[in-house]
Amino acid sequence: MQSVKQQTELGAVTTDRKNILGIVGSPRRGANTETLVDSVLEGAAEGGATATKVILQEMTIAPCRACNYCQKNGKCVHDDDMESLFELMKKSDIWVLGTPIYWWGPSAQFKAFIDRWYGVNPTIFQGKQVILTIPMGGGNDHYARHTVGMFKDICNYLGMICVEIIVAPGMNGKTSVRESSQLRETARAAGIRVMNEK
Ligand SMILES: Cc1cc2nc3c(=O)[nH]c(=O)nc-3n(C[C@H](O)[C@H](O)[C@H](O)COP(=O)(O)O)c2cc1C
């Protein structure tokens, strides 16, 4: 489940059903971000999707060097897991992205992942349906405002369809989302809804 290579070898991505890809940006396995992403995937799977999940922390994704090698050569100077992740993203109809809030922004793993979007052919993003899930320790949505704003701007810039952003304040414990059936249901319902889009 951890590496994209394993995922694709397992043949998780199919062509006859809608493919939904969960991308988890928290370094903590089984914690709030992953539980939110899982719940969306669960709803989509109920609606007939084939679900796949990757954990950024368990992949090698080097930070962008701003060397512009990609602009001249059409590929990134880093030879790491990002290339196979892009392949998986290309084959997926819907992306469910998840990041915890760290200092009002996304996690380092998630930011490194997003920065690498700079070096790829932008057609991969155009018209892609995206759901973003964001847990945070703070008690209200305000803590996520920069990350939400950043993400909406990226969606507009790259032509992605931001279907839904699920913001979960007050998630202080590692299992806070797991303990909230209401929150898990909200995320699951988003997964069901996205299957009825288009
Ligand atoms: C380094 C770090 C910085 C954090 N900064 C914030 C913050 O600025 N605002 C906030 O509301 N929560 C903050 N948190 C709390 C996390 O967003 C929260 O615990 C979240 O549920 C973690 O997600 P996870 O369980 O998937 O790891 C921070 C946590 C860490 C580890």
Next on the checklist: Among the residues of segment 146-161, what is the count of those that are surrounded by 18 or more Cβ atoms within 10 Å (Cβ to Cβ) and either in contact (Cβ under 8 Å) with a residue 60 or more places away in the chain or of a type outside the set (V, I, T) (or both)?
Outcome noted: 3
Item to check | Of all residues making up segment 87-126, the number that are of a type in the set (F, W, Y), away from the ligand (no atom under 14 Å from the Cβ) and more than 11 Å from the chain's Cα centre (by Cα) | outcome: 3
Checklist entry - Hey, any hits in segment 26-38 for a residue that's in a loop (DSSP other than H, G, I, E, B), farther than 14 Å from I192 by Cα and among the basic types (K, R)? => result yes
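Mind listing just one residue for me: the one in segment 133-163 that is assigned to a strand (DSSP E or B) and within 24 Å of P27 (Cβ to Cβ) and, of those, nearest to the ligand (Cβ to nearest atom)?
Ranking the candidates gives P135 first.
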Item to check | Residues being over 13 Å from the mean Cα position of the chain (by Cα) and closer than 17 Å to I114 by Cα - total across segment 28-68 | outcome: 11
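Conditions tested, residue by residue: (1) among the β-branched types (V, I, T); (2) without any contact (Cβ under 8 Å) to a residue 40 or more places away in the chain.
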position	(1), (2)
I94	yes, no
I114	yes, no
P122	no, yes
Y143	no, no
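No lab work stands behind these numbers, since they all come straight from the coordinates. What you are looking at is a predicted structure, and each value in this text was computed from that prediction instead of being measured. Every residue, glycine among them, receives a Cβ derived from its backbone with ideal geometry; neighbour counts consider all protein chains shown.
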